[in-house]
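Beneath this line is the structure, given in structure tokens, with notes to follow.
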Amino acid sequence: MGTLTVIFLCLAAFSLTVECSRLTSSKSTNSKKIVCYFTNWAQYRPNEGKYVPEDIDPKLCTHLIFAFGWMKKHKISSFDSTDETKNGKKGMYERLVDVKQKNKDAKVLLAIGGWSFGTQRFKEMASNRYNRQLFVFSAIKYLRDRNFDGLDLDWEFPRGGDDKKHFVSLLKELREAFEEEAKDKKMPRLLLSIAVSAGSETIRSGYDVPAVAAYCDFINIMSYDFHGKWESQTGHNSPLYALSTESQWRKQLCMEFGVKLWEKMGAPKEKIVVGLATYGRSFTLASPDKNGMNEPTRGGGKAGTFTREEGFLSYYEVCDFIKKGARYVWDDEQKVPYAYLGDQWVGFDDEKSIRIKLNWIKENGYGGAMVWTLDMDDFHGSCLNDKKYPLIGAMGEELLGHAKRPVSDLDALSKKVIKTLPPTPAPILPKEVLLVARKKDDDTEEIIEIKPDPDATNARIACYYTSWSMKRPGQGKFQPEHIDPFLCTHIIFAFASIKDDTISPIEGADTPSGSAKKSLYDRVLALKEKNPNLKVLLSVGGWISGTAPFKQITKSGYRQSLFVFNAIEFLRQRKFDGLDIAWEFPRGAEDKEKFTNLVRDLYEAFVGEAKAAEKPRLLLTAAVPASFEAVAAGYDVAEINKYLDMLNVMTYDFHGNWERQVGHNSPLYALFSATSYQKKLTVDYSAKEWIEKGASKEKLIIGIPTYGRSFTLKNTSLTDIGAPAIDGGIAGNYTGEPGVLAFFEICDFLKSGAILVWDNEQMVPYAYKDNQWVGFDDQRSLKTKVQWLKEAGYGGAMIWSIDMDDFRGTCMGLKYPLINTIKEELKGYNVANLEVLSSNVLNSLADKDEVVCDEEDGHISYHVDKKECAKYYMCEGKRRHHMPCPVNLVFNLNENVCDWPENVDDCESVTGGRKPS
């Protein structure tokens, strides 16, 4: 073989090697990365907060990641209706990918997962090879069809041995498939990245770090959210270093510890991309004069004008906060700033802290910086000197060598603003604080008393509105405009049905009509314009629909998921505040499980969607039976209690024209002479049954009817409870249903000469005339029921229905006499535990471990939760708070702190309850 031939073959081999390397490697010539997340919900922020792909500086980041895509049936799908290009209108996917037209070196990836996505979908998909392969090959096609350069997996978070193993298998199969597809099609390989926790316990329990790192191109460490409103003291969102004065476990809650743990456990430095936040975590201080680090708080800070989430401010909202006079403080130990004004406090990053963190990243040889998120930096340049993207721009200057710009100095801005402001007024204190010192003009102090509103209540009055009531004749016709928007706390529109796995409005409900061109939905929802605090929900099901539609949508996981996401879209588009499930009624073990799964999936999706869209979570309620038999047959009460905001118990229809003897529609108590079975058919018994089976008192909403059940007597001389009846009573002039009379029809019956009788055993009235008999509720019985409700500690009253009260005031000159009676009686009533409703305390009547707070006002004490090691109770006087410990910690009663499980004798792990002593 000649020399030239050998040289030629060597060059050819070298060329082939280079080409294969180009096909199978996507490593940039610039070794440092700035990975920026773009969120598809930022487009929905109001006014200047709205953010779209065209706002992106194409040279700002090396990698852009679209957050988030979704997954259905183990295959990638879009989440928001604006994601995909449709009917010639570019979707958000395409608009983000178009950034590459202005920067050919930029890489655009699609993220799947996130906090709203949860962990269960990943668990199921990764649990076996078949499911994983479905995902892998759907991912390749999905990404290629939309011109993405790769995939980012945001599983939040794998936990335990199975998850750890399955996560590695998923990454391995994705990487291998990406490699093979690239070789086969002679295209650049799709990139593979992951977003991971910076929490010590999560890292150790969820990630096989060397294996994970082997298959990923880079690892985005979420080194932020170390502290936030879930804690009871101030703390910085993303400190670089820990405070020397902090406890050992709190010292782990910083960037240095979390990132270095990944490195120690086997992640190559060049693959570590350190997460930086363009937002701050805010708090409301318990005392405005205690405004440093680790000071007591009483919740998250006020929501920002644009991000609209309590405990959270974007960088540009932080800047506005400083422009209002907030004092800037630099913490030189943690190398981060915070600011406070009155009782508001926020820990955030500014240019100074960002540049220090970037130098730390370079000194440690890490692969780059990850940004959460593009849209929360000052992309308009409104903070200082018209400088757009001050934070991400500083990253580019420090890491990529971009041209330097003048540094934005928030400290100087704060000092300048404070000099120009008048003295800060005293903050408005919470109603629990009754005394406060105030300086008078002569510099002396006076003690003033702040009196709480004695009529204030947190009890719910949930009123059902029936769409068919507008079809009643004459004076019975009820229009949405008849509703007093301040009468009820919640209006529930009854009903919608289910068709093709989505919510289906009743005829005309969603169709604009009349001169105003408004639908029935629009007219009911318009009540919120007069009362912004009013919540309007849509009820799906009811006796009209029966059980069949619910059985259909729960037949398979796919159909149920489809219904869940269709429901969210339906509710959001029409601006409802939530969904009421009126499945009448699940029965049997299979139905019981399906109902539980449905409400759990709805709740988890509502939580996820709210976080993703940065909107208040959709409420989830259910109309449930009062019958002890129906409860036992169809409801896993303790489980559904975790997910429902309200359990609307239909404590009425205990008796009616299906029986052949007269009985009261809604007796509070039983007759002394009643059989053991009949004694269970009362409001009191039913409510206690729900509590005994695991419902929280604060979630139990007691059903109150504004109608009566009527009968035709067999013998007009026998009129007591239990007297023989031959049928239901004569239909009312307006409601038109035999056996039923609206309260305003009962008024007419009484005015015609009917005899009114008060039953002192059942604590309800009834009336009769000739052969007609009706049992109903009036103002007297409702006062008694509400007093009973308050003594028991229940969450409020549910009204069926608003249109059957005397809405015109024709009976006694007062509109809505029944509902107004309920509202009046609830004034000043405080529902215990309602402020911590999300903790899902199960207040069983027979629970010997229940913590009862009976301290002197102002005294604070701590108590263990025997059922959950990771939670504890704090008693503040007579108020009880159910508090969670930070992630991976349990409550240590000896120290009154959250501690590592190994330091607490009766808690072996974070999950589970305490060992018996």
Only one residue in Glu698, Glu609 is in contact (Cβ under 8 Å) with a residue 60 or more places away in the chain, open to solvent by less than 10 Å² (accessible area, probe 1.4 Å) and under 23 Å from the mean Cα position of the chain (by Cα). Which one? Glu698
Cβ-Cβ under 6 Å pairs, at least 6 apart or on other chains, the stretch 376-397 side under 15 Å from Asp349 (Cα atoms) and free of Cβ contacts under 8 Å to residues at least 60 places away in the same chain, far side open to solvent by less than 10 Å² (accessible area, probe 1.4 Å) and hydrophobic (A, V, I, L, M, F, W, C): Ala394/Ile354
Long-range neighbours under 7 Å by Cβ, at least six apart or interchain, first residue closer than 25 Å to Phe79 by Cα within the stretch 590-605, second open to solvent by 40 Å² or more (accessible area, probe 1.4 Å) and of a type in the set (Asp, Glu): Thr596/Asp636; Thr596/Glu639
Extreme residue, least open to solvent (accessible area, probe 1.4 Å), among residues of the stretch 548-563 that are without any contact (Cβ under 8 Å) to a residue 12 or more places away in the chain and assigned to a loop (DSSP other than H, G, I, E, B): Ser556
I'd like to check something: does the stretch 730-743 contain any residue that is of a type in the set (Asp, Glu) and part of a strand (DSSP E or B)? no
Residues of the stretch 240-254 classified as crowded, with 20+ Cβ neighbours inside 10 Å and small (Gly, Ala, Ser), total: 1
Looking only at the stretch 294-322, how many residues end up being farther than 18 Å from Lys611 by Cβ and either acidic (Asp, Glu) or not in a strand (DSSP E or B) (or both)? 11
Return the only residue of Ala516, Ala582 being open to solvent by 60 Å² or more (accessible area, probe 1.4 Å) and over 16 Å from the mean Cα position of the chain (by Cα). Ala516
For Arg298, all conditions in the list (1) at positive phi; (2) in contact with a strand residue (DSSP E or B) (Cβ under 9 Å, 6 or more places away or on another chain) hold save one; what is the number of the exception? (1)
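This table checks each residue for (1) open to solvent by 60 Å² or more (accessible area, probe 1.4 Å); (2) of a type in the set (A, V, I, L, M, F, W, C).
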residue	(1), (2)
Pro705	no, no
Asn733	yes, no
Ile746	no, yes
Asp759	no, no
Among the residues of the stretch 816-844, the number that are assigned to a helix (DSSP H, G or I) and at pLDDT 90 or above is 10
Out of (1) of a type outside the set (A, V, I, L, M); (2) crowded, with 17+ Cβ neighbours inside 10 Å; (3) within 30 Å of Ile219 (Cβ to Cβ), the one Lys269 does not meet is (2)
Within the stretch 152-160, is even one residue at pLDDT below 90 and more than 20 Å from Ala612 (Cβ to Cβ)? yes
Given (1) outside any loop (DSSP other than H, G, I, E, B); (2) hydroxyl-bearing (Ser, Thr, Tyr); (3) over 25 Å from Ala626 (Cβ atoms), Thr719 misses just (1)
Pull up the stretch 115-142, narrow it to residues that are part of a loop (DSSP other than H, G, I, E, B) and modelled with pLDDT of 90 or more, then point me to the one that is surrounded by the most Cβ atoms within 10 Å (Cβ to Cβ). Ser127
Of these, Asn533, Asn566, which one is closer than 24 Å to Tyr603 by Cβ, touching a residue at least 24 places away in the same chain (Cβ under 8 Å) and open to solvent by 70 Å² or more (accessible area, probe 1.4 Å)? Asn533
Please name all residue pairs, on different chains or six or more residues apart, with Cβ atoms under 6 Å, provided the first residue is in the stretch 57-85 and is within 15 Å of Val564 (Cα to Cα) and among the hydroxyl-bearing types (Ser, Thr, Tyr) and the second residue is surrounded by 21 or more Cβ atoms within 10 Å (Cβ to Cβ) and at pLDDT 95 or above. none
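Could you list, in sequence order, all residues of the stretch 208-239 that are open to solvent by 10 Å² or more (accessible area, probe 1.4 Å) and touching a helix residue (DSSP H, G or I) at 6+ places or on another chain (Cβ under 9 Å)? Outline the logic, then answer.
To start, the set of residues in the stretch 208-239 that are open to solvent by 10 Å² or more (accessible area, probe 1.4 Å) comprises 208, 210-211, 214-215, 217, 222, 224-226, 229-233.
Asp208, Ala211, Ala214, Tyr215, Asp217, Met222, Tyr224, Phe226, listed by residue number.
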Just checking, does the stretch 326-339 include any residue being within 28 Å of Met883 (Cα to Cα), of a type in the set (Phe, Trp, Tyr), at pLDDT 90 or above and open to solvent by 10 Å² or more (accessible area, probe 1.4 Å)? yes
Subset tally (residues that are within 27 Å of the chain's Cα centre (by Cα), within 25 Å of Ile461 (Cβ to Cβ) and not β-branched (Val, Ile, Thr)) for the stretch 476-504: 9
Does the stretch 74-97 hold any residues that are of a type in the set (D, E, K, R), in a loop (DSSP other than H, G, I, E, B) and surrounded by fewer than 18 Cβ atoms within 10 Å (Cβ to Cβ), and which are they? Glu84, Lys90
Contact list please: Cβ distance under 9 Å, first residue in the stretch 137-153 and within 17 Å of Gly114 (Cβ to Cβ), second residue among the polar types (S, T, N, Q) and modelled with pLDDT of 95 or more, pairs at least six apart or on different chains. Gly150/Ser193; Leu151/Ser193; Asp152/Ser193; Asp152/Asn220; Leu153/Ser193
Somewhere in the stretch 360-372, is a residue touching a Cys at 6+ places or on another chain (Cβ under 7 Å), within 27 Å of Arg405 (Cα to Cα) and either surrounded by fewer than 24 Cβ atoms within 10 Å (Cβ to Cβ) or modelled with pLDDT of 95 or more (or both)? yes
Looking for something more than 27 Å from Glu737 (Cβ to Cβ), touching a Gly at 6+ places or on another chain (Cβ under 9 Å), polar (S, T, N, Q) and open to solvent by less than 70 Å² (accessible area, probe 1.4 Å) - is there at least one such residue anywhere in the stretch 658-676? no
Residue pairs within 7 Å by beta carbon, gap of at least six or interchain, first lying in the stretch 852-869 and among the basic types (Lys, Arg), second modelled with pLDDT of 70 or more, listed first then second, are Lys866/Gly913; Lys866/Arg914; Lys867/Gly913
Tell me whether the stretch 536-547 contains one or more residues that are open to solvent by less than 40 Å² (accessible area, probe 1.4 Å), closer than 23 Å to Val631 by Cα and aromatic (Phe, Trp, Tyr). no
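May I ask you to verify whether Phe576 is out of contact with any Pro (no Cβ under 9 Å at 6 or more places or on another chain), outside any strand (DSSP E or B) and open to solvent by less than 60 Å² (accessible area, probe 1.4 Å)? Give the steps one after another, and end with the answer.
Values: out of contact with any Pro (no Cβ under 9 Å at 6 or more places or on another chain): yes; outside any strand (DSSP E or B): yes; open to solvent by less than 60 Å² (accessible area, probe 1.4 Å): yes.
Spelling it out, Phe576 is indeed out of contact with any Pro (no Cβ under 9 Å at 6 or more places or on another chain), outside any strand (DSSP E or B) and open to solvent by less than 60 Å² (accessible area, probe 1.4 Å).
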Within the stretch 845-883, work out how many residues are within 20 Å of Ser696 (Cβ to Cβ), modelled with pLDDT under 75, surrounded by 15 or more Cβ atoms within 10 Å (Cβ to Cβ) and not acidic (Asp, Glu). 6
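The values are calculated or read from the model by the stated rules, or taken from the named source; none is laboratory data. Keep in mind the model is a prediction, meaning the values are calculated, not measured. Every residue, glycine among them, receives a Cβ derived from its backbone with ideal geometry; neighbour counts consider all protein chains shown. We work out accessible area using only protein heavy atoms, side chains counted, and drop any ligands, DNA or RNA first. Shrake-Rupley method; radii C 1.70, N 1.55, O 1.52, S 1.80 Å.
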